[in-house]
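The values are calculated or read from the model by the stated rules, or taken from the named source; none is laboratory data. Here the structure is a predicted model, which means the values were calculated and not measured. Every residue, glycine as well, gets a Cβ built from its backbone with ideal geometry; the counts of neighbours run over all protein chains shown. When the accessible area is computed, the model is the full protein with side chains, heavy atoms only, and any ligands, DNA or RNA have been set aside. Shrake-Rupley method; radii C 1.70, N 1.55, O 1.52, S 1.80 Å.
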Amino acid sequence: MSEMLPFSEDEHADDAAPQLLGTLLGITFRNEENGYTVARMESEDHRQPISVVGVMPGVEVGDTVALRGRWNEHPQYGRQLEVDGCQLRLPQGRKGLIRFLGGGRVRGVGPKTAERIVDTLGLDVLERLERNPELLASVPGVSSTKAMAINMQLQEQREAASILVFLADHGLGPAHSQKVLKRYGNTTIETVRANPYQLAEDVFGIGFRIADGVALSLGHDRDGAFRIESGLQHLLTRAALEGHVGLPVEMLVERSAGFLEVDEQRVESVLVDSLEGNRLIDDGLIYRPELRDAEATVAAHVQRLLASPGGPTDVAPEAAIADAERTQGFELSNDQRDALRCALTSKLAVITGGPGVGKTTLVRCLVNVLQRQHLNVSLAAPTGRAARRLEQATDHTASTLHRLLGLQPSGGGGWHRENADPLATDVLIVDETSMVDVTLMATVLSALPDRAALVLVGDVDQLPSVGPGEVLRAFIDSERVPVARLSTIFRQAAHSGIVRVAHELNAGRRPEFDDGPDGQAFFIERRNPQATLEALKMMAAERIPQRFGLNPLTDVQVLTPMHRGPLGTQALNEALRELLNPASPNKPQVERYGRLFRKGDKLMQVKNNYELEVFNGDIGLCTDLNEDGDLLRVNFEGRRVDYGLDQLDQLEPAFAITCHKSQGSEFPAVLLPLTQGQMMMLRRNLVYTAFTRAKKVLVALGEGAALDRAVSTHDTGRRYSRLSERLAGDAVS
């Protein structure tokens, strides 16, 4: 049972009074969508740090907070304070001030510098610096230049204090408040009061739940139009994250009414207003305007390409095939000849097939033929890793689609082409097309000049794009786009255990794994998640690196279907970090945004950053971490990128990543845990995608029943879209 703490010695004290005042020492977990946080807090009322759990949006390590709540005895984690209310307070005491100044709020001030500032200027340091900022230059190790920079930041924060207090009073912690202030500036209070739900649209990291909390705190009605329309937009955005381009009207209304806890008729009324105002679009599905436009744009450009006669060159296909075979020094398979013929005679062609069937060889032949016709050929892929693999395989320059298109960030977290001119190319070949969502495909097609041809290469049986739509499958299923399927497994690939088990799985058969000393693909059966975890750790750190001569950090990649659970990315990254990059005095570390970062960590970029030129899915190693210098440096396969400590929400540990995040990449060794606890994610295309990421060795391990479920679960779930209908001419574009 939970035990309610007294608010004060006065039993008639105001219920809004804080129960507990303390400083956050660390954040174990945080859900940025709803603000739910698990943290450790130091309080003068308790000898030992205490666990606090509850909705505390935006709080950071080093913050002094006043908490209301109840004590609970958790069966696994012991005594915890379940938080009902959280408010930010000015720091009190030496430790609180050090954490406040050195917790990332002030650039250039880490824990050591903060300690010197507080010890030199005393516990009233904030008030003294406000009266006399020159005092900061008297702190040992703080130059006059650095003192000026620190004082400027403190002055800016004082000027923004009323705004930050306003935001804190309505539920936003310092991290989110700073983002809101940066977005709206001096108009913050006016903007947020008028429509707090705009926060969810304009500020990265603030979802509907947080904006809703601010709105209700400000007195907005639960069935108000702003709230319901924002809820509709939120659910469509969430649907897009699940792969849907739009939703059926009945489904959207039903979901929205349940999510917002309002009457369906009220939702329908607000939806009508949103449609009349073109803030949402009804076109067979209910769309956000930008997604409906993207889908219609793809369809229109496909129709344009299909209506264009001939292919990219006038060369006779049979002569080109013979020339390609002579140049390459070997015969193509019959289906490769068909694919080459298809690409040479169509302005738009799709080439699909599984591992080992010669897709890369075909692309190399195609590039050779086109260049001998003096055509300008461009190669691109959705990710940096995929582009580098394509370039190495074809010996022809390749780039990411983002770089080729010159994409730049735009408001609301999207992007746009900085240069609207058509691409300077005669033929664009895109690899790993299964990863391309409807918005990116719309940009690709819009950038293609009228004279140019497009060849799309990919494995349609892999996972679809993370973003909305299932473009490659829609092109194939439309039966309007010319498609060449490669199915002949080449002799060299046929000897690969990885290729064999991938094809067996994709055909719906339980793979026959290797068990000999020369094998490449193995299954290690374990009865439960804990036994699976222990086997995985031994394989990742010892067995695979020793047997195959691989680096456990850079060559061995753990893939997993889920984020949560004992074998999800969160738990695996903690376990593997302590195994492969344990803490030591010479490894500085810092905690930001609920994540720990340590020098030597394997990290993944999780958000496209066009300024730094790193993109979602890029993996590197942390080579330097300087807290006082406000710097974390990551080496992305030879390219060094520097992050400010306020940018670390763009990075997460990558000792283990999801199967979805592995798309477009290849790794020398792949480890894949499979247990029945992952039941909702155990689908054939997900496991197939993971299998095909391995180059030298694949080890699946866990419960045989989980593997059987994945083999038998072919239904990948419907993605709502009308692209196939538009391509077939059955929908108005």
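One table, with the values for the structure above:
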{"quantity": "C-alpha center-to-center spacing [region 639-705, region 580-629] in angstrom", "calculated": "18 Å"}
{"quantity": "Förster radius 41 Å - calculated FRET efficiency between Glu525 and Leu123 (Cβ-Cβ, nearest 0.05)", "calculated": "0.10"}
{"quantity": "Region 44-135 - percent relative contact order, Cα under 8 Å, separation 6 or more", "calculated": "22 percent"}
{"quantity": "Difference of contour (0.36 nm per residue) and Cα-Cα distance, Tyr610 to Met680", "calculated": "21.8 nm"}
{"quantity": "DSSP-defined antiparallel bridges as percent of all bridges, the chain, nearest 5", "calculated": "60 percent"}
{"quantity": "Exposure of Glu82 as accessible area (Å², to 10), given a probe of 1.4 Å and all protein chains", "calculated": "70 Å²"}
{"quantity": "Length gained when the stretch Ala728-His74 is fully extended (0.36 nm per residue, less Cα-Cα span)", "calculated": "229.7 nm"}
{"quantity": "Surface per residue (accessible, 1.4 Å probe) for the chain, Å²", "calculated": "44 Å²"}
{"quantity": "Point-to-point label distance, Met538-Asp169, nm (Cα→Cβ direction, 7 Å offset)", "calculated": "6.1 nm"}
{"quantity": "Viscosity 1.002 mPa s, temperature 20 °C, Stokes-Einstein D of region 260-340 from Kirkwood C-alpha radius, µm²/s", "calculated": "121 µm²/s"}
{"quantity": "Exceeding the 26 Å Cα-Cα cut-off - candidates Lys179/Lys607; Lys607/Lys696; Lys359/Lys695; Lys587/Lys695; Lys537/Lys661; Lys112/Lys607", "calculated": "Lys607/Lys696; Lys587/Lys695; Lys112/Lys607"}
{"quantity": "Extended-chain gain in nm, criterion 0.36 nm per residue less alpha-carbon gap, Leu631 and Glu418", "calculated": "73.8 nm"}
{"quantity": "Estimated FRET transfer efficiency (Glu512, Thr554; beta-carbon r; R0 51 Å; 0.05)", "calculated": "0.95"}
{"quantity": "Mean separation of Cα contacts under 8 Å, 6 or more apart, over the residue count of the chain: relative contact order %", "calculated": "11 percent"}
{"quantity": "For region 637-678: rounded, prolate or oblate by the Cα gyration tensor [a/c cutoff 1.5]", "calculated": "oblate"}
{"quantity": "Span from the region 260-277 Cα centroid across to the region 126-166 one, whole angstrom", "calculated": "49 Å"}
{"quantity": "Set of aspartates and glutamates near Lys146 by C-alpha distance (under 18 Å), chain-local residues within fewer than 8 positions excluded", "calculated": "Glu115, Asp119, Glu130, Glu134, Glu156, Glu627, Asp628, Asp630"}
{"quantity": "Sequence-distant residues sharing a close amide H with Thr28 (under 5 Å, placed H)", "calculated": "Val38, Ala39, Arg40"}
{"quantity": "Net charge over other residues, Cβ less than 11 angstrom from the Cβ of Asp450 (K, R count +1; D, E count -1)", "calculated": "+3"}
{"quantity": "Residue-count net charge about Thr394 - beta-carbon cut-off 13 Å; Lys, Arg +1, Asp, Glu -1", "calculated": "+1"}
{"quantity": "Dipole in debye (nearest 20) - the chain, about Cα centre, beta carbon charges: Lys, Arg +1; Asp, Glu -1", "calculated": "2160 debye"}
{"quantity": "Estimated D of region 457-513 in µm² per second, where Rh is the Kirkwood radius over Cα pairs and Stokes-Einstein applies at 20 °C, 1.002 mPa s", "calculated": "160 µm²/s"}
{"quantity": "Spin-label pair Thr360/Val466, simplified geometry with 7 Å Cα→Cβ offset, distance in nm", "calculated": "2.3 nm"}
{"quantity": "Sites Glu391 and Arg238 - FRET efficiency at Förster radius 35 Å, r taken between beta-carbons, to 0.05", "calculated": "0.45"}
{"quantity": "Local electrostatic count, Glu250, Cβ distance below 13 Å [Lys/Arg +1, Asp/Glu -1]", "calculated": "-3"}
{"quantity": "Global form of region 340-404, assessed from the alpha-carbon gyration tensor, a/c cut-off 1.5", "calculated": "oblate"}
{"quantity": "For a label point 7 Å along the Cα-to-beta-carbon line of Asp263, residues of region 208-226 with backbone N under 11 Å", "calculated": "none"}
{"quantity": "Carbon + sulfur, % of accessible area of the chain - ligands and nucleic acids excluded, 1.4 Å", "calculated": "48 percent"}
{"quantity": "Å³ per residue enclosed by the Cα convex hull of region 124-283", "calculated": "147 Å³"}
{"quantity": "Inter-label distance for Glu290 and Met251, nm, one decimal - labels placed 7 Å from Cα along Cα-to-Cβ", "calculated": "2.2 nm"}
{"quantity": "Cα shape, region 193-279, gyration tensor, a/c 1.5 rule", "calculated": "oblate"}
